[in-house]
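The values are calculated or read from the model by the stated rules, or taken from the named source; none is laboratory data. These numbers were taken from a predicted model, which means no experiment stands behind them. Every residue, glycine among them, receives a Cβ derived from its backbone with ideal geometry; neighbour counts consider all protein chains shown. Just so you know, the surface numbers come from the protein's heavy atoms only, side chains and all, with ligands and any DNA or RNA stripped out. Shrake-Rupley method; radii C 1.70, N 1.55, O 1.52, S 1.80 Å.
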Amino acid sequence: MEYRIERDSMGEMKVPADKYWAAQTERSHENFEIGVGIETMPREITYAFGILKKAAAMANHALKPEKMTAEKLNVISQACDEVMSGKLNEHFPLVVWQTGSGTQSNMNANEVIANRGNELAGEKLLHPNDDINMSQSSNDTFPTAMHIAAVTAIEDKLIPAVDLLIDTFHRLEAENEDVVKSGRTHLQDATPIKFSQEISGWRSSLEKDKKMLQLALPELKELALGGTAVGTGLNAPKGFDVEVAKAVSQITGKDFQTAENKFHALTSKDELVFAHGAIKALAADMMKIANDVRWLASGPRCGIGEIFIPENEPGSSIMPGKVNPTQCEAVTMVAVQVMGNDVAIGMAASQGNFELNVFMPVCIYNFLQSARLLAEAMVSFNNKCAVGITANREKMAHNLHNSLMLVTALNPYIGYDNAAKTAKKAYKENISLKEACVELGFLTAERFDEVFHPEQMV
């Protein structure tokens, strides 16, 4: 491998000749060999740095054009566009497990954009600190990147996945409006319910989760940029924070604002904790929905077996013909991961000291993993399971009419205590509710038929 010599305030460093990063990135690359190639800083953060560095150059050009010239802005913008496109991903090698402020990832962006910009300009026009990092600090850029990445993940990935599954449940409700089945509480038989009503519970849960995600977005759209090192805005021109937030909004098409209090924005991660709480709520509901589906599909002969789900792959290496609810299992595993991530995010957010939180990389790493995994799991569950759910109407009808809890319909006519005696006799002697009720003398056979209509109990 060929190398070139790069310099920073600590001296010279050998850097691979074919990479755009420079001395500070190389120091971090060599000093933090933890999860190399596996737990790389999320690409969503790389993308966010491309946005905010371009926005900073735009704001600097507007406020101090004598330093951020039109020529510099032009090549910085070109380089940042390449960062956003993913074209330069190989030049962002740093891992999550580095400095807790994300300083070296900020410098990685500064160095890559400067060197690529200089290549585009055909001259040494840009300096990583003086130009790309102008009016900024790692302490306000990294939390800004976190918020941009979090908003993008929720709006562009997670909410569309929620909407997809909501639409599927709407269709399934309409298709199963006429299907009445046995309800279940405490894993025991309960009074009847329409299958469409059961599905509507799943759908409504997702709609509530979507509202909670949307509720978290305005706080995430407040940016720390402009606070620089400790929140005072040192070395940033007056109005930079407002101008740069406008530029970020222009680039992303999303309505970002500058944070009102930069001291809070640098040290607190409460917005991410709150937003991930909504993600965890979605995960909890998806755990419930996936479990409902696999229980209802259990069998095919020795389980509940009230619905059919797509058969996607063989389920056993030893039992021929076995098929398992694998999409449900994937969703539930993802839900467990999200719940674990929530603990890590909460702990990381609690570790702000004085003017800075230094657990930021692990915080956003877990946040983005949750959003990505849950979005992808929901799309997979929808496309390979939910869209193919069909009611086993024969089994539902059998279970419905075999349920002892239909006796609840008799309460108004024979009273709770007599209805309980009827159910217990029917269960003990393995006879029908009608037979038990008539034998106990509570109703005649004709009167029983007049008042007993399970389909009307929904």
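For the chain, a simple Cβ point-charge model (Lys and Arg +1, Asp and Glu -1, everything else neutral) yields a dipole of about 480 debye relative to the Cα centre.
Can you sort I431, I414 by 1.4 Å-probe accessible area, starting with the largest?
Working: I431 45, I414 20 Å².
Sorted by accessible area, descending: I431, I414.
So, R0 is 51 Å and r is the distance between the beta-carbons of K434 and N324; what FRET efficiency does that work out to, to 0.05?
Numbers: r = 39 Å, r/R0 = 0.77.
Efficiency at R0 = 51 Å is approximately 0.85.
Residues of segment 30-53 with an amide N closer than 15 Å to a point placed 7 Å from the Cα of Y3 along the Cα-to-Cβ direction: 30-31. Put H170, H61 in order of accessible area, highest first, and with a 1.4 Å probe you get H170, H61. In order along segment 283-292, phi translates into HN-Hα couplings of 4, 5, 5, 5, 4, 5, 4, 5, 5, 4 Hz, rounded to whole numbers, per the Karplus curve 6.51 cos²θ - 1.76 cosθ + 1.60 with θ = phi - 60° and x for Gly and Pro. Residues whose amide H lies under 5 Å from that of H127, counting only those 5 or more places away or on a different chain, are I132; hydrogens are built 1.01 Å from N in the peptide plane. Fully extending the segment from W295 to E376 would add 26.9 nm, taking 0.36 nm per residue of separation and subtracting the current Cα-Cα distance. Taking a label point 7 Å from the Cα of F354 along the Cα→Cβ vector, which residues of segment 90-130 have an amide N closer than 16 Å to it? What the label zone holds, given the 16 Å backbone N cut-off, is 100-101.
Backbone amide hydrogens, once placed in the peptide plane, bring T258 within less than 5 Å of L223, excluding anything fewer than 5 places away on its chain. Over 20 Å between Cα atoms: which of K210/K288; K322/K384; K14/K53; K54/K157; K221/K254 fall into that group? Beyond 20 Å: K14/K53; K54/K157. Considering only alpha-carbon pairs that sit under 8 angstrom and 6 or more positions apart, the relative contact order computed for segment 310-458 is 17 percent. Inter-label distance, S317 to M347: 3.4 nm, where each label sits 7 Å from its Cα along the C-beta direction. When segment 239-297 is described by a simple charge dipole with +1 on each Lys and Arg Cβ and -1 on each Asp and Glu Cβ, the residue from F256, L272, V244 located farthest towards its positive end is L272. Taking the centroid of alpha carbons for each part, segment 12-77 and segment 112-130 are 10 Å apart.
For segment 307-315, 3J(HN,Hα) computed residue by residue from phi via the Karplus equation (6.51, -1.76, 1.60; θ = phi - 60°) reads 9, 10, 10, x, 9, 9, 7, x, x Hz, glycine and proline entered as x. Among the chymotrypsin sites (Phe, Trp or Tyr not before Pro) in segment 1-36, none is located in a DSSP loop while being surrounded by at most 11 other Cβ atoms within 10 Å of its own Cβ. Ordering G233, P42, M286 by Cα displacement along the dipole of the chain toward the positive end leaves M286 in first place; charges were set at the Cβ atoms of Lys, Arg (+1) and Asp, Glu (-1). Heavy-atom accessible surface of C302, to the nearest 10 Å², is about 140 Å², with a 1.4 Å probe and all protein chains retained. Farthest toward the positive end of the dipole of segment 143-182, out of L158, F169, M146, is the Cα of M146, where the dipole comes from beta carbon charges about the Cα centre.
Tell me what the chain gives for mean residue ellipticity at 222 nm when only DSSP H runs of n ≥ 4 count, each as -39,500 (n - 2.57), the sum divided by the residue total, rounded to 500 deg cm²/dmol.
My calculation for the chain gives -18500 deg cm²/dmol from helical runs alone.
Computed 3J(HN,Hα) for segment 88-99, one whole-Hz value per residue from the Karplus formula 6.51 cos²θ - 1.76 cosθ + 1.60 where θ = phi - 60°, is 9, 4, 5, 9, 10, x, 6, 9, 4, 7, 9, 4, glycine and proline marked x.
Given the chain, report the % of alpha carbon pairs whose separation exceeds 32 Å. Cα-Cα pairs of the chain separated by over 32 Å account for 53 percent. Working from label points 7 Å from Cα in the Cα-to-Cβ sense, the K384 to K208 distance is 2.9 nm.
Across the chain, the mean sequence separation of Cα contacts (distance under 8 Å, 6 or more residues apart), normalised by length, yields a relative contact order of 16 percent. Here r is the Cβ-Cβ distance between E33 and F274 and R0 is 25 Å; the resulting FRET efficiency, rounded to 0.05, is 0.15. Give me the net charge for the shell around L94: Cβ to Cβ below 14 angstrom, other residues only, Lys and Arg +1, Asp and Glu -1. Neighbour charge sum, excluding L94 itself: -3. Distance between the pseudo-spin-label points of E12 and E66 (7 Å out from Cα toward the beta carbon): 3.7 nm.
Rounded to the nearest 0.05, what FRET efficiency is calculated for Q456 and C302 with R0 set to 25 Å and r the Cβ-Cβ distance? Mind showing how you got there, number by number?
Working: r = 31 Å, r/R0 = 1.26.
The calculated FRET efficiency here is 0.20.
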